[in-house]
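Enquirer: The structure is given below, and queries will be raised subsequently.
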Amino acid sequence: MEVKRPGGRLSPDQQRIADHMKRAGHRFEVVDSVEAAISVLVVWGVARGMAVQ
């Protein structure tokens, strides 16, 4: 998971690494908020029952 500021984007080098990781079967997501990060972790099964306050 890459965490960016709101509206942030991956650099070209980061995008190449993300593409490589995905092709290798790894999960990779870019998020720009705590809420989005928690949502990804819940979907991945890493965080369960977490609530954003």
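The values are calculated or read from the model by the stated rules, or taken from the named source; none is laboratory data. Because the structure is a prediction, the values reported are computed rather than measured. Ideal geometry is used to build each Cβ from the backbone, glycine not excepted, and the neighbour counts take in all protein chains shown. Just so you know, the surface numbers come from the protein's heavy atoms only, side chains and all, with ligands and any DNA or RNA stripped out. Shrake-Rupley method; radii C 1.70, N 1.55, O 1.52, S 1.80 Å.
Enquirer: Check which residues have an amide H placed less than 5 Å from Glu2's amide H, if you skip close sequence neighbours.
Expert: Glu29, Val30, Val31
Enquirer: Okay, helix-only estimate at 222 nm for the chain: each DSSP H run of n ≥ 4 adds -39500 (n - 2.57), divide by all residues, round to 500 deg cm²/dmol; what do you get?
Expert: Values: 2 runs with 22 residues, N = 53.
The per-residue figure over the chain is -12500 deg cm²/dmol.
Enquirer: Quick one: with all protein chains in place, what share of the accessible area of the chain is carbon or sulfur, to the nearest percent (1.4 Å probe)? Write down the numbers at each step before the final one.
Expert: Numbers: 2200 of 4180 Å².
Its accessible area is 53 percent carbon and sulfur atoms.
Enquirer: Oh, and also: With every protein chain present, what is the per residue accessible area of the chain (1.4 Å probe, Å²)? Intermediate results must be reported in sequence, preceding the final value.
Expert: Values: 4180 Å² over 53 residues.
Here the residues of the chain average 79 Å² of exposed surface.
Enquirer: When you take every Cα atom in the range 1-44, what is the radius of gyration, and what is Dmax, the widest Cα pair distance, in Å?
Expert: 10.8, 28
Enquirer: Between the helical axis of 34-43 and the dominant principal axis of the chain, each derived from Cα atoms, what acute angle in degrees is found, rounded to the nearest 10?
Expert: 90
Enquirer: Treat every Asp and Glu Cβ in the chain as -1 and every Lys and Arg Cβ as +1, leave all other atoms uncharged, and give the resulting dipole magnitude about the Cα centre to the nearest 20 debye.
Expert: Working: 8 positive and 6 negative charges, 23 e Å.
For this selection, approximately 120 debye.
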